[in-house]
1. How do 233-243, 60-70, 403-413, 21-31 rank on mean C-beta neighbours within 10 Å, highest first?
2. Leaving ligands, DNA and RNA out of it, report the carbon-plus-sulfur percent of the accessible area of the stretch 257-415 at a 1.4 Å probe.
3. Where the convex hull is taken over the Cα atoms of the stretch 121-265, what is its projected area averaged over directions, in nm²?
4. Can you list the residues, at least 5 places off or on another chain, whose amide H is less than 5 Å from the amide H of residue 283, using H built in the peptide plane?
5. Which ³J(HN,Hα) values in Hz, rounded to whole numbers, follow from the phi angles of the stretch 336-342 under the Karplus curve 6.51 cos²θ - 1.76 cosθ + 1.60, where θ = phi - 60° and Gly and Pro get x?
6. Between residue 28 and residue 285, what's the calculated FRET efficiency when r is the beta-carbon distance and R0 is 41 Å? Round to 0.05.
7. Label the stretch 1-153 by shape, choosing from rounded, prolate and oblate, from the square roots a ≥ b ≥ c of the eigenvalues of the Cα gyration tensor; if a/c is under 1.5 it is rounded, and otherwise prolate applies when a/b is larger than b/c, oblate when it is not.
8. If you plug each phi of the stretch 204-215 into the Karplus form 6.51 cos²θ - 1.76 cosθ + 1.60 with θ = phi - 60°, what whole-Hz ³J(HN,Hα) values come out, in order, with x for Gly and Pro?
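The values are calculated or read from the model by the stated rules, or taken from the named source; none is laboratory data. Fair warning: this is a prediction, and the values are worked out from it, not measured in the lab. Every residue, glycine as well, gets a Cβ built from its backbone with ideal geometry; the counts of neighbours run over all protein chains shown. The accessibility values were calculated without ligands, DNA or RNA, using every heavy atom of the protein model including side chains. Shrake-Rupley method; radii C 1.70, N 1.55, O 1.52, S 1.80 Å.
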Amino acid sequence: MSSEIDIPALDIEGIKRDFPILGRELGSDVTLVYLDSAATSQKPEAVIGAMDEYYRRHNANIHRGIHTLAEEATALYEGARVKVAAFINASQPEQIIFTRNATEAINLVAQSWGRTNLEAGDRILLTGMEHHSNLVPWQMLAAERNLELDFIPVTPEGLLDLGTYSELLERGPKLVTFTHMSNVLGTINPAKEIIQLAHKAGAITLVDGAQAVPHIPVDVTDLGADFYVFSAHKMCGPSGIGVLYGRRDLLEAMPPYMGGGDMIKSVTLRSFRPNDLPHKFEAGTPAIAEAVGFGAAVDYLSGLGMEAIAEHEQRLITYALERLSEIPGLKVFGPEAAQKGGVASFVMEEAHPHDVAQILDFDGVAVRAGHHCAQPLHDQYNIPATTRASFYLYNTPEDVDRLVKGIYRVKEIFG
Ligand code: 7TS
């Protein structure tokens with residue numbers, strides 16, 4: 001984080017109170033410590049309230065009615081698009097396509113852009129740290145179209161090997177796609193540099209920002225990304241809505257992904273004319289209430305400031321890595337705190353990752369165990385699974401202490 005910017009400190013206790021679920025008790029005297037925000041974040045009252053208000057006062061289908069409610073619902077839905085565009089500094093709201101989630105946004109690009117632009121023998125360059133949702137869609141397309149997949153290797157420290165990246169670019173990939181921030185290692189990849197090198201080599205870029213947009217300031221215009229995807233549910237918003245941001249000329253040239261209502265200008269029995277952006281890619285009744293909630297989430301995060309949120313998480317992960325490194329027989333994966341976001345995935349000598357998560361749960365500490373939908377990355381480290389603690393704006397150093405205390409309990413039980 002830049003020390004030149006005067007970042008206001010976050011009032012974490014106040015923020016915690018914004019999230020009703022964080023006040024929950026899980027048993028007598030067991031309060032919740034939620035350390036699974038990389039899977040999904042909790043939702044503040046502002047988001048829950050906006051969705052509640054929408055259903056109580058404005059609910060109608062959008063873009064179709066001329067009655068008051070339909071106009072209000074349409075304005076709310078399109079207003080959310082404008083907010084999301086501003087949040088990631090997209091130059092036009094039409095560049096924001098609402099999808100179900102990041103996964104659907106990636107599949108949209110694979111099926112629409114990929115099928116139109118890639119042919120047998122073309123190469124796609126990915127990385128060894130992708131979530132399955134930015135791997136399997138490309139495997140499917142590669143099988144269908146006879147494409148070649150290459151992978152930027154991950155170093156033992158959990159960074160992308162950029163020397164090998166430059167070499168792989170010489171093979172002339174048509175697409176370079178990578179995660180902005182790893183959901184397992186926490187690594188924040190140098191997206192701007194990766195994109196610039198890809199563009200020099202003539203490739204289009206798709207960035208999986210599912211873990212980045214919730215946690216660090218993201219400016220898609222400054223990054224120069226051709227496509228950038230993320231999900232609302234990981235950034236204080238509801239599930240069921242995500243984003244595909246795309247360069248306008250690319251989106252204009254792409255065929256629709258799904259057919260149906262709203263994505264057409266006109267239809268005859270045998271043909272249709274697709275609608276303009278962004279509607280061309282939003283077939284059927286979209287997630288309207290979810291868009292409203294998403295807009296409220298963006299307002300909430302903007303109100304606090306993404307710089308301040310990133311700074312807070314940087315302090316938390318620094319403290320967490322310090323505390324975890326003091327525990328004998330525990331190994332955390334990924335780079336040092338300065339190169340990552342608030343994710344600590346670890347293994348313990350004494351216990352299987354699932355058992356660790358189970359015992360932490362007895363103490364009210366919610367973490368995830370497994371391969372976190374990044375099986376190839378775990379294969380690289382020769383482990384089937386890790387236990388993952390992931391932090392967000394509402395976590396405190398005391399939450400880290402509860403995690404560490406729980407881990408010592410695991411050691412007592414299994415030691
Ligand atoms: N990309 C990354 C980097 C992710 O971490 C995830 C979800 C996705 C894509 C997919 O997001 P979705 O909203 O489309 O499902 N990651 C996780 C996780 O780490 N634990 O649960 C979901």
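1. The packing order, highest mean first, is 233-243, 403-413, 60-70, 21-31.
2. Answer for the stretch 257-415 is 51 percent, counting heavy atoms of protein chains only.
3. Its Cα hull, projected and averaged over all orientations, spans 9.9 nm².
4. Residues meeting the amide H criterion: 258.
5. 5, 3, 4, 9, 9, x, x
6. Working: r = 45 Å, r/R0 = 1.09.
It comes to 0.40.
7. oblate
8. Taking θ as phi minus 60°, the curve returns 8, 10, 10, 10, 8, x, 4, 9, 8, 4, x, 10 Hz for the stretch 204-215.
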